[in-house]
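Accompanying notes for the structure given below.
The values are calculated or read from the model by the stated rules, or taken from the named source; none is laboratory data. The structure displayed is predicted, hence computed values, not measured ones. For neighbour counting, all protein chains shown are included, and Cβ atoms are generated from backbone atoms with ideal geometry for every residue, glycine included.
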Amino acid sequence: MTTETHAPAPASAPGRAGADDTAVLVLEDGRTATGRAYGALGATVGEIVFNTGMTGYQETLTDPSYHRQIVVMTAPHIGNTGVNDEDDESSRIWVSGYVVRDAARRSSNWRARRTLDDELVAQGVVGISDVDTRALTRHLRELGTMRAGIFSGDALVRDGRPRTTEDLVAEVVSAPRMAGSDLAKEVSTDEVYTVEPSGVHGESDAPALGTVVAVDLGIKTMTPVRLAERGLRVHVVPSTTTIEQIEALSPDGVFFSNGPGDPGAATVEVDLLRAVLDRGIPYFGICFGNQILGRALGYETYKLGYGHRGINQPVMDRTTGKVEVTAHNHGFAVDAPRDGESVAPHDDGRYGRVRVSHVCLNDDVVEGLECLDRPAFSVQYHPEAAAGPHDAAYLFDRFVDLMNLTATDGKESTRAAQN
């Protein structure tokens, strides 16, 4: 990696990288790497992060939690299986940029419909290949995530002359930081849609065993599917939904999804969740939904040095003592007491006792919260398991059990009052 001036090779076609097109990756600390343009030609900036998953690049690219982030893949070979029409986790690619070491020259899989390169071009995603991603990842582990940019084609030229590293760095540092960014509304659905219960065998006419309102903060496609497999009717609603609109759907439970941005800036979502807790509606949150629960309870959140991103993160479920291999994508975490119970700080303990239910075995980061006096729990990782693993699928069953228990307690309380 150098800090020299980079002259681009001429583009072989407008907007599309060719075999000889140069691309430059520039970090805000001035570190640069020169490689080949991959995907679309142009310029992109964002927070640069690394993903340690060996598989699942299509799910990573289409995860809305990566909005405004440049993703570095630590797995060396990317694009081998192409792109299919079944594995997308949303309607589009959300990453701001893509960094790989060895881009596959051709794809080979019976499900593939097109190459990854073609998909990046079609969606205007600027990338770079032939980069030492191992060295880059070590750099980010040592210094932490930072802003970065990928530049290729005409973006490497200004006024007919090659742009200097200093000029490219200036463009990078002009981009907004992730800390303080409120992004959920930028990736959320605009309209309510419903996923009908399917049952574990996919029966289309399965009766609904309950109703869940899922607040879309950047929800992945597989999440409501996992709920529907358990006989639940899932109404997916925008992040701007009010508590009155949620109540109008008569939910047995409320779910908050994963999503991008700083939970400290998500004041609307925190207020909405407090209204849910006040009404005693069972709650389950994942990833961003875990951070929102933490802040609703009065705990602080903080930015991790380089975050957890991949499908191979070890987490202990303190309820069972079981260690799970889990899928993660988060750069923020909840700051809550890890030992024993604590009283939620918000409003002089209004929500009662809380315990940390899950912890990361790599760095002891809080990976789950359980309310002991309210029907609510959350985890920091992704139990929907796209692209895997499936160790944490039981959490959806735990949510069903919580809804059933709450409904039973409510009926018993009503009978007791009547008697």
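Of (1) touching an Asp or Glu at 6+ places or on another chain (Cβ under 7 Å); (2) at pLDDT 95 or above; (3) within 23 Å of GLN58 (Cα to Cα), VAL325 satisfies all except one. Which?
VAL325 satisfies all of (1) touching an Asp or Glu at 6+ places or on another chain (Cβ under 7 Å); (2) at pLDDT 95 or above; (3) within 23 Å of GLN58 (Cα to Cα) except (2).
Looking for whichever is β-branched (Val, Ile, Thr), under 19 Å from the mean Cα position of the chain (by Cα) and at pLDDT 95 or above here; the options are THR145, THR133. Which one fits? Break it down stepwise before answering.
Numbers: THR133 fails: under 19 Å from the mean Cα position of the chain (by Cα).
None of the others qualify; the one that does is THR145.
Which one of these is crowded, with 17+ Cβ neighbours inside 10 Å and of a type outside the set (Val, Ile, Thr): ARG163, ARG141?
Details: ARG141 fails: crowded, with 17+ Cβ neighbours inside 10 Å.
Within the list ARG163, ARG141, the selection yields ARG163.
Would you check if there is a residue in segment 201-209 being modelled with pLDDT of 95 or more and either at positive phi or in contact with a strand residue (DSSP E or B) (Cβ under 8 Å, 6 or more places away or on another chain) (or both)?
Our first condition is that a residue be modelled with pLDDT of 95 or more; within segment 201-209, this holds for none.
No, every residue in segment 201-209 fails to be modelled with pLDDT of 95 or more and either at positive phi or in contact with a strand residue (DSSP E or B) (Cβ under 8 Å, 6 or more places away or on another chain) (or both).
Inside segment 240-267, can you point out the residues that are under 18 Å from VAL213 (Cβ atoms) and part of a helix (DSSP H, G or I)? Spell out the reasoning first.
Step one: of segment 240-267, the residues under 18 Å from VAL213 (Cβ atoms) are 240-259, 266.
Listed by number, the residues that qualify are ILE243, GLU244, GLN245, ILE246, GLU247, ALA248.
Please indicate, with yes or no, whether at least one residue in segment 141-148 is in a loop (DSSP other than H, G, I, E, B) and in the same structural domain as GLU300 (by TED's automatic domain parsing). Break it down stepwise before answering.
Within segment 141-148, the first condition is being in a loop (DSSP other than H, G, I, E, B), and the residues that meet it are 144-145.
Filter once more, so that each one left must be in the same structural domain as GLU300 (by TED's automatic domain parsing): none.
No - not one qualifying residue is present in segment 141-148.
Kindly indicate which of THR211, THR221 is surrounded by fewer than 24 Cβ atoms within 10 Å (Cβ to Cβ), free of Cβ contacts under 8 Å to residues at least 60 places away in the same chain and not assigned by TED's automatic domain parsing to the domain that holds LEU61. If you could, list the steps in order and put the result at the bottom.
Details: THR221 fails: free of Cβ contacts under 8 Å to residues at least 60 places away in the same chain.
Residue meeting the stated conditions: THR211.
If only one of ASP262, ASP347, ASP317 is within 17 Å of ALA179 (Cα to Cα), touching a residue at least 12 places away in the same chain (Cβ under 8 Å) and charged (D, E, K, R), which one is it?
ASP262
Consider segment 292-349. How many of its residues are among the charged types (D, E, K, R) and more than 17 Å from LEU369 (Cα to Cα)? Outline the logic, then answer.
Step one: filter segment 292-349 for residues among the charged types (D, E, K, R), giving 295, 300, 303, 309, 317-318, 322, 324, 335, 338-339, 341, 347-348.
If we keep only those that are more than 17 Å from LEU369 (Cα to Cα) as well, we get 303, 309, 347-348.
Summing the residues that are among the charged types (D, E, K, R) and more than 17 Å from LEU369 (Cα to Cα) in segment 292-349 gives 4.
Specify the residue that is nearest to TYR394 (Cα to Cα); the eligible residues are those in segment 246-271 that are touching a strand residue (DSSP E or B) at 6+ places or on another chain (Cβ under 7 Å) and among the hydrophobic types (A, V, I, L, M, F, W, C).
Filtering segment 246-271 for residues that are touching a strand residue (DSSP E or B) at 6+ places or on another chain (Cβ under 7 Å) and among the hydrophobic types (A, V, I, L, M, F, W, C), the one nearest to TYR394 (Cα to Cα) comes out as PHE255.
Just give me the residues in segment 95-110 being within 25 Å of the chain's Cα centre (by Cα) and not hydroxyl-bearing (Ser, Thr, Tyr), in sequence order. Walk me through how you get there before you give the answer.
Narrowing segment 95-110 to residues within 25 Å of the chain's Cα centre (by Cα): 95-103.
Of everything in segment 95-110, those that are within 25 Å of the chain's Cα centre (by Cα) and not hydroxyl-bearing (Ser, Thr, Tyr) turn out to be VAL95, GLY97, VAL99, VAL100, ARG101, ASP102, ALA103.
Mind checking which residues of segment 80-89 are over 20 Å from ASN312 (Cα atoms) and surrounded by 22 or more Cβ atoms within 10 Å (Cβ to Cβ)?
Passing the criteria: only VAL83.
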